[in-house]
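This report concerns only the one structure given below.
The values are calculated or read from the model by the stated rules, or taken from the named source; none is laboratory data. As the structure is a computational prediction, the values presented were derived from the model and not from experiment. Cβ coordinates were reconstructed from backbone atoms using ideal geometry, including for glycine residues, and neighbour counts include every protein chain displayed. Note: accessible area is taken over every heavy atom of the protein model, side chains too, but ligands, DNA and RNA are not part of it. Shrake-Rupley method; radii C 1.70, N 1.55, O 1.52, S 1.80 Å.
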Amino acid sequence: MKYIIFDFDGTLADSTAVFASAWNTLAQKYKFKGIEFKEIESLKKLSMAERSKLFDFPMYKLPMILPQFYRLYRQSLNEVHLYEGIKDVLTEIDKRGYKILIISSNSQENILEFLKMNGIQCVSNVLCSNRIFGKDKVLKKFLKDSNSTASDVLYIGDEQRDIVACKNVGVPIIWVSWGYDSIEVIQQEEPEYKVNAPKEILDII
């Protein structure tokens, strides 16, 4: 194993409040349902399709909404925070000689600025998908470009779509419980590993 690849939002960065605020701004503009903060924990137990139905938001509109969403996200970047213990985990992984990457559907600009703001210099590359369900294609391209196999990589993410993408490519995944999808949503996908605290990532590695 050579590469440890992290998802960004919900895995490294707690962006819940910023996500909700950006969503509500667009909901008001395009007339779909907003998020109430008291709903957030219950939303984690719903699939993407179920959330789409709840918010009266057709998934086919995502490509139109996402660029606007991440521009709003950028305006509130100082309100996004690292999960407690994550920076220590990144530092230790780097010390152990692994290359650290991020694959996200957020924008590369947002992520690079966030890393700079938080003094994180051990991430060797940030790869982004312009489609929310396109991470498997990014993973496949990375494996080809780096002349690597799936067994050279370990992915760490928080959502069902992360697990599905990894299964499509054959890359093992650690699911983290502190992100956006609860155990009820992901358990049928059977991720190779599950953790409840950042330090447990090091035990698995």
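Restricting to the stretch 168-205, give me the number of residues that are within 18 Å of K87 (Cβ to Cβ) and in contact with a Cys (Cβ under 8 Å, 6 or more places away or on another chain).
So the count comes out to 0.
Would the stretch 70-81 turn up any residue that is at pLDDT 95 or above, within 23 Å of N196 (Cα to Cα), of a type outside the set (G, A, S) and in contact with a strand residue (DSSP E or B) (Cβ under 9 Å, 6 or more places away or on another chain)?
yes
Among the residues of the stretch 69-78, are any open to solvent by 70 Å² or more (accessible area, probe 1.4 Å), in contact (Cβ under 8 Å) with a residue 24 or more places away in the chain and under 17 Å from the mean Cα position of the chain (by Cα)?
Within the stretch 69-78, one or more residues are open to solvent by 70 Å² or more (accessible area, probe 1.4 Å), in contact (Cβ under 8 Å) with a residue 24 or more places away in the chain and under 17 Å from the mean Cα position of the chain (by Cα).
I'd like to check something: does the stretch 145-154 contain any residue that is open to solvent by 30 Å² or more (accessible area, probe 1.4 Å) and closer than 30 Å to E50 by Cα?
no
Of all residues in the stretch 34-52, count the ones that are over 21 Å from the mean Cα position of the chain (by Cα) and surrounded by 13 or more Cβ atoms within 10 Å (Cβ to Cβ).
1
Taking interchain pairs and intrachain pairs at least six residues apart, which have beta carbon atoms under 9 angstrom, with the first residue in the stretch 186-205 and in contact (Cβ under 8 Å) with a residue 40 or more places away in the chain and the second open to solvent by less than 60 Å² (accessible area, probe 1.4 Å) and small (G, A, S)?
So the pair list comes out as A197/G85; A197/S177; P198/G85; K199/G85.
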